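*Asks:* Provided herewith is a single structure, encoded as structure tokens, for subsequent inquiry.
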Amino acid sequence: MSSTVTPKEPVPETIDELCALIEAADADLHKRLRAVSALGDKLSGDSAVPAAQSLQGMQCLMSRLRHEKSVSVLVHVISVLSRVKAQASVGLLMDVLLATQTDIFENPPEGEKPSEFRESDEAVRLRSAAAQALGRLGDDRAIVPLMSILNDKSVNYRLRLAAAESLGKLGDEHAMMPLLEIIRDEREKSLYLKESAVKALGMLGDIRAIEPLIDVLESKRGIKDKFNFLKEQIIEAIGRIGQPSRKATDTLIAALTDPASSIRLAAVEALGELGDQACLAELKMCVFDKDDDVAKAAIYAVYRLCGESGVRQLLTMDNLPQFLREEIESYIP
């Protein structure tokens, strides 16, 4: 028994035709989505597109932000606008983020009330896409609306999560305190949000965040399982910020004995990034960690701190497993 695959109907090739299909609300949804992708390809990679047609394509996509009624098309349009670095779309994206001045929020589909639609999963999906796009576009104008979303506890945690990560990408120092408050707030029940706030702080790279991050990590010491990923994220953020201090090094050394191998691994990697040789003795002992990934990471951390001479010294240690000897020798010319 044979089967045949019906080939996809080709989308139009010219920008005029693509825009017409994208704007045709009664057209097949999949065709419209493919047309959005095709238009994005032309705007990002086809140097033969005349400037006037390129502008037409951008205006078509930005017009959809204001007037489109399909969430799927809107999310696709937002993805393309961020991919082609459409800075002119920042204001419109902020409106989508805040669920204002756009047709889909003022006159939602399927007869839903605007207030109900704003709280729906589809609206959260759409607004989160706008938040993520604003982070990728890197325009400082997005900081205030993103912070307003982040600080509003009535907002869905997934949208706040997207806002937190975008603030980290934007790199504005004014975002540091709101992010820290989310991490320290015991009334904030969303661990996902706290983890995203920590990740954002790591991306911001502000050394003022290290002490508060250490304090949060210390407060969770001894609490198993529930906070493991949060602790991993804090350790990674400390390493990423990369400001050696006695307190930071001691805190990470203490994490080397955590029952969770994932936390020990994060601590080894962070110590290698910090570059403080005060942890060298403890890192060398991690070569004997019962978790192979931790042991291998310790070898690399020693190499980062001391270079070839450091890993050569590891070869003199007694009872070193053969697979680790081979790992060490891979760092030696």
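The values are calculated or read from the model by the stated rules, or taken from the named source; none is laboratory data. None of the values given here were measured: they were computed from a predicted structure. FYI the Cβ positions are ideal-geometry reconstructions off the backbone, even for glycines, and counts take in every protein chain you see.
*Asks:* Residues to consider are LYS199, LYS189, LYS169, LYS194; find the one that is without any contact (Cβ under 8 Å) to a residue 40 or more places away in the chain, within 26 Å of GLN132 (Cβ to Cβ), of a type in the set (D, E, K, R) and outside any helix (DSSP H, G or I). Steps first, answer last, please.
*Replies:* Numbers: LYS199 fails: outside any helix (DSSP H, G or I); LYS169 fails: outside any helix (DSSP H, G or I); LYS194 fails: outside any helix (DSSP H, G or I).
Just one listed residue meets the conditions, LYS189.
*Asks:* Step by step: first the residues of region 137-154, then only those that are assigned to a helix (DSSP H, G or I) and surrounded by fewer than 17 Cβ atoms within 10 Å (Cβ to Cβ), then the one that is modelled with the lowest pLDDT. Which residue is that?
*Replies:* Going residue by residue through region 137-154, those that are assigned to a helix (DSSP H, G or I) are 137, 140-151.
From what's left, surrounded by fewer than 17 Cβ atoms within 10 Å (Cβ to Cβ): 140-141, 144, 148, 151.
Working: ASP140: 90, ARG141: 92, VAL144: 90, SER148: 91, ASN151: 86.
Ranking the candidates gives ASN151 first.
*Asks:* Please pick out the residue among LYS231, LYS247 that is under 27 Å from GLY168 (Cα atoms), touching an Asp or Glu at 6+ places or on another chain (Cβ under 8 Å) and buried (at least 22 other Cβ atoms within 10 Å of the Cβ). Walk me through it before giving the result.
*Replies:* Working: LYS247 fails: buried (at least 22 other Cβ atoms within 10 Å of the Cβ).
Step by step, each of LYS231, LYS247 is checked, and only LYS231 is under 27 Å from GLY168 (Cα atoms), touching an Asp or Glu at 6+ places or on another chain (Cβ under 8 Å) and buried (at least 22 other Cβ atoms within 10 Å of the Cβ).
*Asks:* Sticking with this structure for a sec: Consider LYS85 against the criteria (1) at positive phi; (2) without any contact (Cβ under 8 Å) to a residue 40 or more places away in the chain: it satisfies all of them except one. Which criterion is unmet?
*Replies:* It fails just one condition, (2).
*Asks:* Still on this structure, I have one more. Out of the residues in region 267-316 that are out of contact with any helix residue (DSSP H, G or I) (no Cβ under 7 Å at 6 or more places or on another chain) and in a loop (DSSP other than H, G, I, E, B), which is modelled with the lowest pLDDT?
*Replies:* THR316
*Asks:* State whether the residues of region 1-9 include one that is of a type in the set (Gly, Ala, Ser) and at pLDDT below 95. Working first, answer last.
*Replies:* As a first pass, look at region 1-9 and keep what is of a type in the set (Gly, Ala, Ser): 2-3.
Subset that is at pLDDT below 95: 2-3.
The answer is yes; a qualifying residue exists.
*Asks:* Going by what's in this entry, would SER37 be described as in the same structural domain as ALA130 (by TED's automatic domain parsing), closer than 18 Å to ALA133 by Cα and out of contact with any Asp or Glu (no Cβ under 9 Å at 6 or more places or on another chain)?
*Replies:* Values: in the same structural domain as ALA130 (by TED's automatic domain parsing): yes; closer than 18 Å to ALA133 by Cα: yes; out of contact with any Asp or Glu (no Cβ under 9 Å at 6 or more places or on another chain): yes.
Judged against the criteria, SER37 is a match.
*Asks:* Here is a list of conditions, (1) more than 24 Å from ALA200 (Cα to Cα); (2) crowded, with 16+ Cβ neighbours inside 10 Å, and ALA131 meets all of them except one; can you say which number that is?
*Replies:* The failed condition is (1).
*Asks:* Further question on the same structure: Checking LEU18 against (1) at pLDDT below 90; (2) over 19 Å from LEU93 (Cβ atoms); (3) in the same structural domain as VAL90 (by TED's automatic domain parsing), only one condition comes out false. Which one?
*Replies:* (1)
*Asks:* Next question, about the same structure. Scan region 250-261 residue by residue and report those that are polar (S, T, N, Q) and surrounded by fewer than 20 Cβ atoms within 10 Å (Cβ to Cβ).
*Replies:* THR257, SER261
*Asks:* Continuing with this model, one more query. Could you tell me how many of the residues in region 284-321 are over 35 Å from the mean Cα position of the chain (by Cα) and crowded, with 19+ Cβ neighbours inside 10 Å?
*Replies:* If we filter region 284-321 for residues that are over 35 Å from the mean Cα position of the chain (by Cα), which is where we start, we get 309, 312-321.
This time we only want the ones that are crowded, with 19+ Cβ neighbours inside 10 Å, so: 314.
Here the count works out to 1.
*Asks:* Among the candidates ALA281, ALA260, ALA254, ALA297, single out the residue that is touching a Gly at 6+ places or on another chain (Cβ under 9 Å) and under 27 Å from LEU230 (Cα atoms).
*Replies:* Working: ALA281 fails: touching a Gly at 6+ places or on another chain (Cβ under 9 Å); ALA260 fails: touching a Gly at 6+ places or on another chain (Cβ under 9 Å); ALA254 fails: touching a Gly at 6+ places or on another chain (Cβ under 9 Å).
Answer to the check: ALA297.
*Asks:* Further question: May I ask you to verify whether ASP121 is surrounded by 13 or more Cβ atoms within 10 Å (Cβ to Cβ) and not hydrophobic (A, V, I, L, M, F, W, C)? If you could, list the steps in order and put the result at the bottom.
*Replies:* Details: surrounded by 13 or more Cβ atoms within 10 Å (Cβ to Cβ): no; not hydrophobic (A, V, I, L, M, F, W, C): yes.
When the stated conditions are applied, ASP121 does not pass them.
*Asks:* In the set ILE207, ILE182, which member is within 22 Å of the chain's Cα centre (by Cα), exposed (fewer than 14 other Cβ atoms within 10 Å of the Cβ) and of a type outside the set (Lys, Arg)?
*Replies:* Working: ILE182 fails: exposed (fewer than 14 other Cβ atoms within 10 Å of the Cβ).
ILE207 is the lone residue from the list that is within 22 Å of the chain's Cα centre (by Cα), exposed (fewer than 14 other Cβ atoms within 10 Å of the Cβ) and of a type outside the set (Lys, Arg).
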